[in-house]
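Below is one structure, written out as structure tokens, with a few remarks after it.
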Amino acid sequence: MAKVLVATEKPFAKVAVEGIKEIVDKAGFEFALLEKYTDKAELLEAVKDADALIVRSDKVTQEVVDAASNLKIVVRAGAGYDNLDLAACTAKNVVAMNTPGQNSNAVAELAFGMMIAMARNAYNGTAGTELRGKKIGIHAYGNVGLYVAKIAQGMGMEVFAFDPFVDDAVIKADGVTPLASMEELYSTCQYVSLHIPATEKTKESINYDLLKTMPANAVLVNTARKEVIHEADMIKLMMEREDFSYISDIAPDNKNDYAPFGGRFFFTPKKMGAQTSEANINAGVAAANQIVNFINNGDTTFKVNK
Ligand code: 3PG
């Protein structure tokens, strides 16, 4: 009987775990759960006899893949799979998948939650500003980006996007203005919402030269990955520009360096973008279904490794 392990340091909502278990039970597989683990050793022990693994941002390293000698498939219940060692998976014939789009709305809603909190001075009673009429640049027009566009339009913002991998016609069809370069996006928009993945190419790509061109009262919203920010540049810029704010659900490593910036920064205590019951159910259930379809039918839709 195939064993499906859900290993989540940051647990899914209870209802999502129940949904996953139901699918696994119905398929006649064994269900196992490891939540809130604090030590890598717990994960290494739990994966030992697992045939399939569902994770969130949990790191599936070479060590984990090696420890999981029965492993055939790992599904990252979410979009970004920079936490999976794809080469290690491929070397061991383990199929790696993600569940694109399943948690995108939750991430987009959080981006706006944070933008409004910043625009209203964290609801401290002083006069803030409105989002209506402001320009927002969506950096990467994928699943999250298009939800951000829809919400921004509903709020009366002027919406721009840059994504070299998406046709301008697709962006235009949503009533969004495509821009030709990253530089143009940042120099045009007071608000920029980041939705790029963390790759070797994007790492630290959001740097001083780019950010310094943002218009007055600039706000960068990062619900993507902390690795894409050049942290030293960000600190330098925020020291120079008192009108620049940075909000993110992925706190930088050097959080204390932001203390001098008062109300111009906000970081959630944990990655929160996808942390809703709906997103947990969507991504978790999709992951479970993908595993059942793979084991029973060899379906490799959503495979991300070669
Ligand atoms: C994703 O890539 O899907 C999001 O960053 C969510 O990550 P999480 O599952 O760790 O909340």
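Per residue Cα convex hull volume for the stretch 112-192, in cubic angstrom?
80
Which part of the stretch 131-175 falls in the paramagnetic zone of residue 278, meaning amide N under 17 Å from the point 7 Å along Cα-to-beta-carbon?
Zone members listed by number: 143-155.
Sorted by packing (mean other beta-carbon atoms within 10 Å per residue), highest first, where do 193-205, 216-228 land?
216-228, 193-205
Compare the peptides 46-56, 85-95 by average per-residue count of other Cβ atoms within 10 angstrom and give them in order, highest first.
In descending order of packing, they fall as 46-56, 85-95.
Give me the number: length gained by fully extending residue 236 to residue 255, i.e. 0.36 nm times residue separation minus the C-alpha to C-alpha distance, one decimal in nm.
Answer, rounded to one decimal: 5.4 nm.
How large is log10 of I(q)/I(0) for the stretch 104-267 at q = 0.11, 0.20 Å⁻¹ when the intensity is taken from the Debye formula with one equal scatterer per alpha-carbon?
At q = 0.11, 0.20 Å⁻¹ the computed log10 ratios are -0.39, -1.42.
Rounded to whole Å, give me the distance from the Cα center of the stretch 104-138 to that of the stretch 216-290.
A separation of 13 Å, based on Cα centres.
Near residue 134, which lysines are there with a Cα under 24 Å away, not counting those fewer than 8 places off in the same chain?
Correct list for residue 134: 150, 172, 212.
Please identify the DSSP H helices in the chain that span no less than 24 Å along the helix axis (Cα) and have a mean Kyte-Doolittle hydropathy of -0.5 or more.
Qualifying helices, which must be both long enough and hydrophobic enough, are 277-297.
Arrange the peptides 164-172, 259-267 so that the one whose residues have, on average, the most other Cβ atoms within 10 Å appears first.
259-267, 164-172
At residue 293 and residue 212, where each label point lies 7 Å from the Cα along Cα→Cβ, what is the point-to-point distance in nanometres?
4.9
Could you work out the relative contact order of the chain? I mean the mean sequence separation of Cα pairs under 8 Å and 6+ apart, divided by the number of residues, in percent.
So the answer I get is 20 percent.
So, for the chain, what is the accessible surface per residue at a probe of 1.4 Å, expressed in square angstrom?
Per residue, the chain has 46 Å² of solvent-accessible surface.
Provide Rg over Rh for the chain; use the alpha carbon set for both Rg and the Kirkwood Rh (inverse mean inverse pair distance).
When Rh is taken as the Kirkwood radius, the ratio is 1.00.
Roughly how many debye, to the nearest 20, is the charge dipole of the stretch 104-267 about its Cα centre, given +1 on each Lys and Arg Cβ, -1 on each Asp and Glu Cβ, and no other charges?
400
Ignoring ligands, DNA and RNA, please state the percent of accessible area on the chain from carbon and sulfur, probe 1.4 Å.
52
Tell me, what is the FRET efficiency for residue 121 and residue 203 to the nearest 0.05, using R0 = 35 angstrom and their Cβ-Cβ distance as r?
0.60
Need the full-extension length gain, residue 33 to residue 304, defined as separation in residues times 0.36 nm minus the C-alpha distance. One decimal, nm.
Here the segment from residue 33 to residue 304 would lengthen by 95.2 nm.
The values are calculated or read from the model by the stated rules, or taken from the named source; none is laboratory data. These numbers were taken from a predicted model, which means no experiment stands behind them. Quick reminder, even Gly has a Cβ in these numbers, built from the backbone with ideal geometry, and neighbours come from all protein chains shown. These area figures cover heavy atoms from the full protein model, side chains too; ligands, DNA and RNA do not enter into them. Shrake-Rupley method; radii C 1.70, N 1.55, O 1.52, S 1.80 Å.
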